[in-house]
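Take a look at the structure below.
The values are calculated or read from the model by the stated rules, or taken from the named source; none is laboratory data. Everything quoted here is computed from the prediction, not taken from an experiment. Neighbour counts run over all protein chains shown; Cβ positions are idealised from the backbone, glycine included.
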Amino acid sequence: MAAVGEHITPTPARDALSRARQRALMIPDCMVEARRLANTVVSGWHGRRKRGIGENFWQFRPYSEGESLSRIDWRRSARDEHLYVRDREWEAAHTIWLWADLSPSMMYKSRFGTVSKESRALVLMLAMAEVLARSGERIGCPGIMEPVSARNAAERLANALVHAPDLSGLPETGMIRSYSDVVMIGDFLDDTDRVMERIAPLARRGLKGHLVEVYDPAEEDFPYEGRTEFSDPETGEKLTAGRAETLREDYRRAWFARRETLGEALRHLGWTFTPHSTGALASQALVKLHAYLSGQPASTGIGERP
């Protein structure tokens, strides 16, 4: 539920065409911000730690009879009586599926957040696409764009999003092949069991996943006092609290319990979970996502009570 009066609250009467037009107006600015954000992250993504064709040095190994003489590293070989070949890492393109939930609840923005949850989710998705595209990875969006490996993949994704149908709820994933990575960005406010019912089958198929929970600071802190009316942007239902501050402790207890339950369930599947506030820098979430996708050690990102 969102407090009325802090933002423009979407209602069920707001039709799909209106939402699509609003998204189309937002995406160009999000693309500009995404490129700026991508430039803050090292774009050289991970090699596959396997010998093959690539640009990055991996190891020296003894020369084997029959190999091309052009592969011999003469400087290294000059150090002793053996011939050595310089191996490079295998850098075959990997497929990463990017998705952002653009349900009405994602339009929320309180006076404590710098942008709406929807805007932040779009920027993170497009920035991740930009970073991955520079590294030659294959990028797709379930139901929106087939995987492509191109320098302008982020632009293609942005254009596809402009013309995309309704993007509410978790995406259809039947087209995703095993051994891909899936990055999902949303608020994940649905019942945890319902979310996991959709995600668990993906993990069983061998997919590696990374969830980014985008939230507004007010959703976590519950800063409301006095008589406050809350409205559900999905259903339009309203709740009026005579003294909102009396609900704060119970609300925050339920909020963190939901987050911890979801995070623990994802960890059990081998997936990562990153809570991210719209009051924080977008680069914080992007750097953590980049580390996870690169196979680098990173913290779990599970939110803790302040």
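Figures for the structure shown
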read-out	value
Subset of the range 260-287 (residues that are part of a loop (DSSP other than H, G, I, E, B) and touching a helix residue (DSSP H, G or I) at 6+ places or on another chain (Cβ under 8 Å))	Gly270, Trp271, Thr278, Gly279
Any chance Glu249 is more than 22 Å from Leu122 (Cα to Cα), in a helix (DSSP H, G or I) and touching a Gly at 6+ places or on another chain (Cβ under 9 Å)	no
Residues (farther than 18 Å from Ala24 by Cα and more than 17 Å from the chain's Cα centre (by Cα)) located in the range 142-172	Glu146, Val148, Ser149, Ala150, Arg151, Asn152
Residues that are within 23 Å of Glu118 (Cβ to Cβ) and charged (D, E, K, R), drawn from the range 221-262	Asp221, Glu229, Asp232, Glu234, Glu237, Lys238, Arg258, Arg259
Single match in Glu264, Glu237, Glu213 (criterion: more than 17 Å from Ser110 (Cα to Cα), modelled with pLDDT of 95 or more and acidic (Asp, Glu))	Glu264
Output for the range 194-229, where each listed residue is within 16 Å of Ala265 (Cβ to Cβ), of a type in the set (Asp, Glu) and out of contact with any Ser or Thr (no Cβ under 9 Å at 6 or more places or on another chain)	Glu197
Elements of type helices (runs of 4 or more DSSP H) contained in the range 133-230, each with 2 or more residues being surrounded by fewer than 20 Cβ atoms within 10 Å (Cβ to Cβ) and without any contact (Cβ under 8 Å) to a residue 12 or more places away in the chain	153-162, 192-204
Looking only at the range 86-100, and only at residues there that are surrounded by fewer than 20 Cβ atoms within 10 Å (Cβ to Cβ) and in a strand (DSSP E or B), the one that is modelled with the lowest pLDDT	Glu89
Residues within the range 231-246 that are crowded, with 17+ Cβ neighbours inside 10 Å, outside any loop (DSSP other than H, G, I, E, B) and not polar (S, T, N, Q), tallied	2
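Residue by residue, here is whether (1) part of a helix (DSSP H, G or I); (2) at pLDDT 50 or above; (3) in the same structural domain as Tyr179 (by TED's automatic domain parsing) holds:
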| site | (1), (2), (3) |
| --- | --- |
| Arg35 | yes, yes, yes |
| Thr40 | no, yes, yes |
| Glu55 | no, no, no |
| Gln59 | no, yes, no |
| Glu67 | no, yes, no |
| Arg75 | yes, yes, no |
| Arg79 | no, yes, no |
| His82 | no, yes, no |
